[in-house]
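The values are calculated or read from the model by the stated rules, or taken from the named source; none is laboratory data. Bear in mind the structure is a predicted one, so any value in this text is a computation, not a measurement. As a convention, Cβ positions derive from the backbone with ideal geometry for all residues, glycine included, and neighbour counts pool all protein chains shown.
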Amino acid sequence: MKRAFTLIELLVVIAIIAILAAILFPVFAQAKAAAKKASSISNSKQIALAEIMYMGDYDDTYVVEVAWDPNGAPVFLGGVPYQPWTWLVLPYQKNGAIDQDPQAPPNEPWPASWGTLLPQILHPQYGYSYVYLSPLMGGSPTTSLFVPTSSTAVEKPAETVMFSNKFSSAEDTLVYNSTYWYGPSSIVGAIGVDVPDCLTIPQWCFDNWGINGFFDVTYLNRNENAGARTGANSLRAGNQMVITWTDGHAATKTAGAMATGTNWTRTRVYNTTIVNDLGRYLWDVK
């Protein structure tokens, strides 16, 4: 005679499956997050390698944040030919996809006519530490006076920031191709990350880390994970940033660790954040 499962037996099996699922699903989620973090670090290191190869062809100077140059420019911004650093190092990395952080939400969709590559390089999810490595000292609507830093000028290559992961265009408050800039020849906010103290240094930048600053109020709609209080440096890697240093190595660091040498805290108002120990500061200034 065939024997069927009783209702009690079926309920026990269902309960066991539910318990196993409750145990395993968080493990799967953690494994997925760890894989994305490892992939993000790998992307960052590949971008740094492309930058280092670029420097080998340009007298050991870091790439400029923007070249307002018609020679090979992929697009025009404000009527002026625009070449972001992502475009300038593209021949060395061969792949625009690595400019997108697997930990971040995808950028807003662009019209199909733009293709795949241009959206990847025009709105990367890794930002350049331009304030020190490519400071803007002046310019005009058709030229810019970016002064790229020489690698020999960096006193602590393993403790000086080159790249950090940054926000996705899906996390800001404007349209998909917003770049945030001050006009032709200026710096561009969609391709860089800012330093903790932007007020007491001689270079141009957007704003300090902290509450009620440019990033917190306008740029990222107060999304701390995307970098609203940390100069667009996102905190996706387990509440840490993915940082690539000028010697080419990459690591994850907390916001507090990256604010070393300043008085920044998560609750500090932006215009009171200052460098108070330049010797420990990780975003060197000239």
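Check Gly96 against each of (1) buried (at least 21 other Cβ atoms within 10 Å of the Cβ); (2) touching a residue at least 24 places away in the same chain (Cβ under 8 Å) and name the one condition it does not meet.
Of the numbered conditions (1) buried (at least 21 other Cβ atoms within 10 Å of the Cβ); (2) touching a residue at least 24 places away in the same chain (Cβ under 8 Å), the odd one out for Gly96 is (1).
When Leu199 is evaluated against the numbered criteria (1) farther than 30 Å from Gln46 by Cα; (2) at pLDDT 90 or above; (3) of a type in the set (A, V, I, L, M, F, W, C), which criterion, by number, is the only one it fails?
For Leu199, the exception is condition (2).
When you check Ser113 against the structure, is it touching a strand residue (DSSP E or B) at 6+ places or on another chain (Cβ under 9 Å) and hydroxyl-bearing (Ser, Thr, Tyr), yes or no? If you could, list the steps in order and put the result at the bottom.
Numbers: touching a strand residue (DSSP E or B) at 6+ places or on another chain (Cβ under 9 Å): no; hydroxyl-bearing (Ser, Thr, Tyr): yes.
So Ser113 does not fit the description; no.
Could you count how many residues in the stretch 98-121 are more than 21 Å from Val161 (Cα to Cα) and either among the basic types (Lys, Arg) or under 14 Å from the mean Cα position of the chain (by Cα) (or both)? Outline the logic, then answer.
Our first condition is that a residue be more than 21 Å from Val161 (Cα to Cα); within the stretch 98-121, this holds for 105-120.
Right, trim to either among the basic types (Lys, Arg) or under 14 Å from the mean Cα position of the chain (by Cα) (or both) and you get 105-107, 120.
So the answer is 4.
Just for the stretch 255-286: of the residues that are part of a loop (DSSP other than H, G, I, E, B) and surrounded by fewer than 14 Cβ atoms within 10 Å (Cβ to Cβ), which one is modelled with the lowest pLDDT?
Step one: of the stretch 255-286, the residues part of a loop (DSSP other than H, G, I, E, B) are 259-261, 263-268, 273-274, 276-286.
Pick out the ones that are also surrounded by fewer than 14 Cβ atoms within 10 Å (Cβ to Cβ) and you get 266-267, 276-280, 286.
Details: Arg266: 92, Thr267: 94, Asn276: 92, Asp277: 93, Leu278: 89, Gly279: 90, Arg280: 93, Lys286: 59.
Ranking the candidates gives Lys286 first.
Which of (1) in contact with a Ser or Thr (Cβ under 7 Å, 6 or more places away or on another chain); (2) at negative phi does Gly192 not meet, given it meets every other one?
(1)
Which condition does Trp181 not pass, out of (1) of a type outside the set (Asp, Glu); (2) over 28 Å from Ser39 (Cα atoms); (3) within 16 Å of the chain's Cα centre (by Cα), if it passes all the others?
(3)
Going by the conditions given, is Ala232 closer than 29 Å to Ala50 by Cβ, free of Cβ contacts under 8 Å to residues at least 24 places away in the same chain and crowded, with 24+ Cβ neighbours inside 10 Å? Talk me through it step by step, then tell me what you get.
On the way: closer than 29 Å to Ala50 by Cβ: yes; free of Cβ contacts under 8 Å to residues at least 24 places away in the same chain: no; crowded, with 24+ Cβ neighbours inside 10 Å: yes.
No; evaluated as a whole, the condition is false for this residue.
Within the stretch 39-83, track down each residue that is of a type in the set (Asp, Glu) and at negative phi.
Glu51, Asp57, Glu65, Asp69, listed by residue number.
Of all residues in the stretch 42-79, which are in contact (Cβ under 8 Å) with a residue 60 or more places away in the chain, among the charged types (D, E, K, R) and surrounded by fewer than 21 Cβ atoms within 10 Å (Cβ to Cβ)?
Across the stretch 42-79, the qualifying residues are Lys45, Asp59, Asp60.
I need the full set of residues from the stretch 40-77 which are of a type in the set (Gly, Ala, Ser) and part of a helix (DSSP H, G or I), in order please. Steps first, answer last, please.
Within the stretch 40-77, the subset of a type in the set (Gly, Ala, Ser) is 40, 42, 44, 48, 50, 56, 67, 72-73.
Scanning the stretch 40-77 gives Ser40, Ser42, Ser44, Ala48, Ala50, Gly56.
Which pairs turn up if I take residues in the stretch 80-92 that are free of Cβ contacts under 8 Å to residues at least 60 places away in the same chain and within 15 Å of Tyr126 (Cα to Cα) and look for partners that are assigned to a helix (DSSP H, G or I) and β-branched (Val, Ile, Thr) with beta carbon separation below 8 Å, at least 6 apart in sequence or on another chain?
Once the first residue is free of Cβ contacts under 8 Å to residues at least 60 places away in the same chain and within 15 Å of Tyr126 (Cα to Cα) and sits in the stretch 80-92, its partners that are assigned to a helix (DSSP H, G or I) and β-branched (Val, Ile, Thr) give Trp87/Ile121; Val89/Ile47; Leu90/Ile121.
All but one of (1) outside any loop (DSSP other than H, G, I, E, B); (2) surrounded by fewer than 17 Cβ atoms within 10 Å (Cβ to Cβ); (3) under 19 Å from the mean Cα position of the chain (by Cα) hold for Asp216, so report the exception by its number.
(2)
In the stretch 235-254, which residues are polar (S, T, N, Q) and either in contact with a Leu (Cβ under 7 Å, 6 or more places away or on another chain) or surrounded by 21 or more Cβ atoms within 10 Å (Cβ to Cβ) (or both)?
If the condition is that a residue be polar (S, T, N, Q) and either in contact with a Leu (Cβ under 7 Å, 6 or more places away or on another chain) or surrounded by 21 or more Cβ atoms within 10 Å (Cβ to Cβ) (or both), then Thr244, Thr246 are the ones that fit.
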